[in-house]
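All of the numbers you see were taken from the coordinates with simple rules; none came from a lab. The structure presented is a predicted model; accordingly, all values stated were derived computationally and were not measured. For neighbour counting, all protein chains shown are included, and Cβ atoms are generated from backbone atoms with ideal geometry for every residue, glycine included.
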């Protein structure tokens with residue numbers, strides 16, 4: 001049974017939306033896979049997961065999705081045999097992160113075998129059986145494809161932007177009267193359990209997205225948005241925004257000073273600073289945006305499931321700052337950006353609707369306004385906390401109002 005809707009998982013009816021989503025994702029997967037294989041070939045390895053445990057774990061997820069479809073014995077055997085062939089070509093794993101991560105590497109072999117079998121079965125099956133195979137295959141591809149689509153551009157940001165705007169973002173956070181990231185970072189060091197819980201939520205965001213796609217396919221109730229479109233769109237356009245105000249995060253900008261020795265804002269020069277390492281993926285926070293999308297789109301779930309979605313969002317929010325990956329202002333700017341992406345992917349409301357247009361263009365305008373403001377060179381150390389908090393609160397209130405207004409119209413359209 002589906003824990004969110006109470007519906008039997010195998011009761012799936014074909015929809016044109018799932019077909020279209022599958023076709024688009026299949027093309028993206030094919031293009032990304034070619035580029036990924038070329039990248040691995042350039043490194044001299046074949047499916048080199050030794051230093052990519054996260055990617056290996058994401059591909060392993062496809063094996064469990066395959067089991068969810070209740071495969072025939074011949075299918076399961078085929079997946080295992082293909083996994084063995086990939087393992088033979090790969091060679092003995094030598095995980096640089098420790099022997100524990102070898103589990104993920106071997107799991108990735110099974111994931112590859114399952115995806116191959118699922119692709120064959122989806123092509124030869126019909127009706128509900130075909131939809132189950134396609135749903136599992138697409139969800140299995142969603143996470144590693146998203147990982148690859150974001151991974152390449154992130155490496156590019158380091159080369160294209162040797163200097164970052166971290167000091168500008170740090171100064172704005174300081175104008176609020178304190179440094180939220182440093183404060184939460186100290187809380188993490190005082191509570192390893194909290195750090196672990198938040199870190200896990202931070203790391204599994206792509207798996208949660210994959211499960212959301214499964215929910216869209218098998219759920220009795222529709223989501224407000226097209227899940228594939230909103231998450232991949234958020235990752236793609238968010239990655240493009242990284243180039244508008246490149247920043248790496250406090251743990252990269254301040255090194256060992258994070259989180260205990262935050263420098264006074266007045267002593268931080270308002271100029272771009274060279275950071276040798278760390279992708280420029282702080283502004284806006286896409287982890288926060290994706291977790292927020294999970295929470296917003298859990299409105300039709302049962303109370304306990306919605307509470308879990310909220311908890312996931314809350315822990316992810318703490319992780320973005322406590323791990324030193326983001327400043328507080330990164331999350332503020334991510335909110336209107338998420339509203340705009342939600343409006344762009346809301347399938348149940350026509351674009352002619354005033355609510356959808358206002359959310360799309362209002363959220364987009366607020367996002368661009370903040371990016372321009374933050375990189376303008378304003379010396380935020382001279383700004384009163386009351387003024388900084390006023391524009392932050394105004395952004396939050398307007399963004400939430402736009403999203404809730406759109407959500408009400410979308411709910412009526414279900």
C-alpha center-to-center spacing [segment 222-253, segment 137-203] in angstrom: 12 Å
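Would you please put 240-253, 152-165 in order of how densely packed they are, using the mean number of other Cβ atoms within 10 angstrom per residue and starting with the highest? Intermediate values should be presented prior to the final figure.
Details: 240-253: 21.6, 152-165: 16.1.
With the highest mean Cβ count within 10 Å placed first, the list reads 240-253, 152-165.
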For an R0 of 41 angstrom, estimate the FRET efficiency from the Cβ-Cβ distance between residue 196 and residue 352 and round to the nearest 0.05. 0.30
If R₀ is 56 angstrom, what is the calculated FRET efficiency for the pair residue 269 and residue 85, using the beta carbon separation as r and rounding to 0.05? 0.50
Rg and Dmax of segment 162-414, Cα atoms, in Å? 18.2, 56
Nearest-0.05 FRET efficiency for residue 244 and residue 306, computed from C-beta distance (R0 30 Å): 0.35
